[in-house]
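What follows is a short report on a single structure.
The values are calculated or read from the model by the stated rules, or taken from the named source; none is laboratory data. What you see is a predicted model, and the numbers here were worked out from it, not measured in a lab. Cβ coordinates were reconstructed from backbone atoms using ideal geometry, including for glycine residues, and neighbour counts include every protein chain displayed. Note: areas computed on protein heavy atoms with side chains; ligands, DNA, RNA excluded. Shrake-Rupley method; radii C 1.70, N 1.55, O 1.52, S 1.80 Å.
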Amino acid sequence: MSARIIDGKSIAADLRARVAATVRVLDEQSVRPGLAVVLVGADPASEIYVRSKSRAVMEAGMRAFDHKLPADASEADVLALVRKLNQDADVSGILVQLPLPAQIDPHKVIEAIDPAKDVDGFHPLNAGRLARGLPGLVPCTPLGCVILAKTARPSLAGLNALVIGRSGIVGKPVAQLLLAEDATVTIAHSRTADLPALTRQADLLVAAIGRPNYVKADWIKPGAIVIDVGINRIAGADGKSRVVGDVDAGAAAVAGAITPVPGGVGPMTIACLLANTVRAACAQRGLSAPAL
Ligand code: GUN
């Protein structure tokens, strides 16, 4: 038996279409959500991400405000820009692309963002709301993971969920979201003893490790839902670079449903960013949360 492939690309396209439809309705009320994206420096991978975020924002009918600062920009420069964007009524959401150059403390920058405009969901206030189970802006990649898992199984209640990775961007928030879905959640990390013993009990596995093909096929519980967050660039046999996940391709023969890399979690991150921008715009105007 082989796993159902969870088609992140088409699920993301559906979400983006729902966002665009909501944006059209808001337009009739003269509300036009806008996302400000701040890029410091010229890291090629970050430039590609930022460009695709801005393109997606415009395709959804929203406004994109791109701000590029030089690689030697000071922390004060970035904080001043964030404060200006906080005050700008046309800006519903602010995303500061990470990583930032070494001279800039990312925590200070994230804490300077108005929590109501924090579409990344990285501000401690939003992280705290998530931990408390209160409504707030939720990080995009974790949100995408849960949406994808729920396409395989609409209720995650009672499932043994294993999250591999404890970062503030993916591991911790995805664990909180799964807890809110009534899963029984374990978080594993680089110091976990006997990881395969844990994965073999997992009905739902979220791999956010950042190591190519780390999780092997014989670690997977037969029929499990596997969400692969990894985006690892490796040299292929032909010498060309290709992108692989954190889960070995052989897992598809054991799992019940699995996300591909590329085309799984990746497209969902941008779709959820668009959804968060619309949510932020509505909340800032006292409108009820759109059903996305
Ligand atoms: N860099 C890599 N992923 C992300 C993300 O989701 N948000 C931001 N701001 N930077 C990133």
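Structure notes:
- Filter pass, Thr192 being modelled with pLDDT of 95 or more, of a type in the set (Ser, Thr, Tyr), more than 16 Å from the ligand (Cβ to nearest atom) and open to solvent by less than 60 Å² (accessible area, probe 1.4 Å): yes
Residue by residue, here is whether (1) open to solvent by 10 Å² or more (accessible area, probe 1.4 Å); (2) closer than 12 Å to Cys145 by Cα; (3) touching a residue at least 12 places away in the same chain (Cβ under 8 Å); (4) more than 16 Å from the ligand (Cβ to nearest atom) holds:
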{"residue": "Ala197", "(1), (2), (3), (4)": "yes, no, no, yes"}
{"residue": "Arg211", "(1), (2), (3), (4)": "yes, no, yes, yes"}
{"residue": "Gly223", "(1), (2), (3), (4)": "yes, no, yes, yes"}
{"residue": "Val226", "(1), (2), (3), (4)": "no, yes, yes, yes"}
{"residue": "Gly230", "(1), (2), (3), (4)": "no, yes, yes, no"}
{"residue": "Gly239", "(1), (2), (3), (4)": "yes, no, no, yes"}
{"residue": "Gly245", "(1), (2), (3), (4)": "no, no, yes, no"}
{"residue": "Thr269", "(1), (2), (3), (4)": "yes, yes, yes, no"}
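- Test: residue in the range 134-153 that is over 24 Å from Ile11 (Cα atoms), open to solvent by less than 60 Å² (accessible area, probe 1.4 Å) and touching a residue at least 24 places away in the same chain (Cβ under 8 Å): no
- All told, Met62 meets the bar of being more than 12 Å from the ligand (Cβ to nearest atom), touching a residue at least 12 places away in the same chain (Cβ under 8 Å) and not charged (D, E, K, R).
- Residues being within 16 Å of the ligand (Cβ to nearest atom) and either of a type in the set (Ser, Thr, Tyr) or open to solvent by less than 80 Å² (accessible area, probe 1.4 Å) (or both) - total across the range 87-104: 11
- Taken residue by residue, the range 141-153 has at least one member that is in a loop (DSSP other than H, G, I, E, B) and over 25 Å from Arg285 (Cβ atoms).
- Only one of the numbered conditions (1) within 15 Å of the ligand (Cβ to nearest atom); (2) hydrophobic (A, V, I, L, M, F, W, C); (3) not in a helix (DSSP H, G or I) is violated by Leu134, and that is (1).
- In the condition set (1) of a type in the set (Asp, Glu); (2) touching a strand residue (DSSP E or B) at 6+ places or on another chain (Cβ under 9 Å); (3) in contact (Cβ under 8 Å) with a residue 60 or more places away in the chain, Glu47 is compliant with all but (3).
- Residue pairs meeting the criteria (Cβ under 6 Å; at least 6 apart or on separate chains; first over 16 Å from Val278 (Cα atoms), in the range 85-96; second of a type in the set (A, V, I, L, M) and within 14 Å of the ligand (Cβ to nearest atom)): Leu85/Ala36; Leu85/Ile94; Val96/Val38; Val96/Val109
- All conditions in (1) within 14 Å of the ligand (Cβ to nearest atom); (2) in contact with an Asp or Glu (Cβ under 6 Å, 6 or more places away or on another chain) hold for Ile113, with the sole exception of (2).
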